[in-house]
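The values are calculated or read from the model by the stated rules, or taken from the named source; none is laboratory data. No experiment lies behind these values; they were computed from the predicted model shown. Methodologically, a virtual Cβ is constructed for each residue, glycine included, from the backbone with ideal geometry; neighbour enumeration extends over all protein chains shown.
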Amino acid sequence: MSRFNFDFKDIIEEAGDIIVVTKAFPISSPGPEIVYVNKAFTELTGYSYEEAVGGDPRMLQSSDTDPKTKEKIRNALIKQEPVRVSIKNYSKSGEGYWLDMNILPLRDSDGKVSHFVAIERDVTESKELEFKLDQLSRIDSLSGLLNRRAFDEAIDLEMSRFFNTNKPFTILALDIDLFKAINDKYGHQAGDRVIQEVSKACEAMFGKIAHVARTGGEEFTILIPDMDTEMAKPKAEALREKITTIRAISDSGVIKVTISIGISQVKLDDKTASQILVRADKALYEAKESGRNRVCIDKPVTAEQLSTSC
C-alpha cells in the first residue's frame, strides 16, 4: 500500500472552508477559547492568527446576529452535540457575511469531548440573492408597495404583538373612486399611472410609520402600529386631501383622482386579522355609499369617535 507524502495539517490550512477549533470549556464568556484558525478564516474575517487564538468566537457576532441561532449553538455545545446553522458574522472591519456553519464535538483518547471544530463556508452571495428574491416576491411590481402576501405576514405579526402587549393598531382600507370608469375612458396605461401616483402618495405619508400594501386592482391597505382610530383619522383625511391634488396625464386628457377610506381598529375580542379587515371594508363601503371621496370609521368605540365618524 502506498504511503501519503503530505501533512493533513497542510490540507486544513489551505482548505477553502473555514476551520475554527475551540476548547470545549468554558462555554460561557470568556470561552469557548479559540485554539486554531486556518488561513481561510484570517482571509475572510481580517483577524490574524495571533488575534484570533485565545479569543472567543463571539467577537465575530453583533447585536443583530439572530439570538435564536446563538441559543441553538449554545444548547448544542452544552449537550456536546453536533449542530448546523446559518449565521451572520462580522469581519474585523465591520463588514457582515453569512456562514453555513457545522460544529462538531472532538473527543480525546478517553472519549471525552475536549474541543469543538467549526467547519464554515462563506455563503454570503447566495444568502443575499435569497434575500433579494424574497424581497421581490413581497413587492407589488406596479406600485412598488407590499403585495398581499407581505401584508398578510405583517398583520399576522401585529396581531401576535397585540395579544402580548394590548398595544392598538389601525387598518385603513383604501379604494380609488370610479377606477373602472378611468380605465374605460382613458385606457389601462392611464389607470396604471393613477395607481402609481396614489401609491407614491400613500408611501410618502405612511411609509415610515406603517405597512403600506396594494392588495387588489385599485385597492390599498395600510396597517398603522401603535395608533388608534382617533389618531388615524386626521392622517387618513390628510391622505384623502393629498390624493385630490393628483393630476395624472394621459393621451386623452388630465385625470383627477379621489379615494374613499375605511378605518378599523383592533379590538380586545378580535381573534383573527380577518375580523379587523372585514370591519375596515365595511367602513370603506359606507364611504363609497355616502358619496365617495371621504373617510369613515367602522363601529366607533367612544363617544368622541362616534361624533367624528360618518
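Restricting 12, 19 to those that are in a helix (DSSP H, G or I) and either buried (at least 16 other Cβ atoms within 10 Å of the Cβ) or without any contact (Cβ under 8 Å) to a residue 60 or more places away in the chain (or both) reduces the list to 12. Of all residues in the range 197-210, those satisfying the criterion of being surrounded by 14 or more Cβ atoms within 10 Å (Cβ to Cβ) and within 15 Å of residue 243 (Cα to Cα) are 197, 198, 199, 200, 201, 202, 203, 205, 206.
Of all residues in the range 163-180, how many are part of a helix (DSSP H, G or I) and at pLDDT 95 or above? Steps first, answer last, please.
Step one: of the range 163-180, the residues part of a helix (DSSP H, G or I) are 163-165, 179-180.
Cutting the leftovers down to at pLDDT 95 or above gives us 179-180.
Count: 2.
Given the structure, is residue 224 in a strand (DSSP E or B) and crowded, with 23+ Cβ neighbours inside 10 Å? Step through it out loud before you land on a result.
On the way: in a strand (DSSP E or B): yes; crowded, with 23+ Cβ neighbours inside 10 Å: yes.
Against the criterion (in a strand (DSSP E or B) and crowded, with 23+ Cβ neighbours inside 10 Å), residue 224 qualifies.
Restricting 242, 208 to those that are more than 28 Å from the chain's Cα centre (by Cα), on the phi < 0 side of the Ramachandran plot and assigned by TED's automatic domain parsing to the domain that holds residue 261 reduces the list to 242.
Taking the range 76-116 as the search range and keeping residues that are over 27 Å from residue 51 (Cβ atoms) and of a type in the set (Gly, Ala, Ser), which one is farthest from the chain's Cα centre (by Cα)? If we take residues in the range 76-116 being over 27 Å from residue 51 (Cβ atoms) and of a type in the set (Gly, Ala, Ser), then 109 is farthest from the chain's Cα centre (by Cα). Note on the range 181-211: residues that are among the polar types (S, T, N, Q) and not in a helix (DSSP H, G or I) amount to 0.
For (1) closer than 30 Å to residue 272 by Cα; (2) outside any loop (DSSP other than H, G, I, E, B); (3) at pLDDT below 95, each residue gets a yes or a no:
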residue: 65; (1), (2), (3): no, no, yes
residue: 72; (1), (2), (3): no, yes, no
residue: 102; (1), (2), (3): no, yes, no
residue: 105; (1), (2), (3): no, yes, no
residue: 109; (1), (2), (3): no, no, yes
residue: 127; (1), (2), (3): no, yes, yes
residue: 151; (1), (2), (3): yes, yes, no
residue: 155; (1), (2), (3): yes, yes, no
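Of everything listed in (1) at pLDDT below 95; (2) assigned to a loop (DSSP other than H, G, I, E, B); (3) surrounded by 13 or more Cβ atoms within 10 Å (Cβ to Cβ); (4) of a type outside the set (Ser, Thr, Tyr), the single unmet condition for residue 92 is (1).
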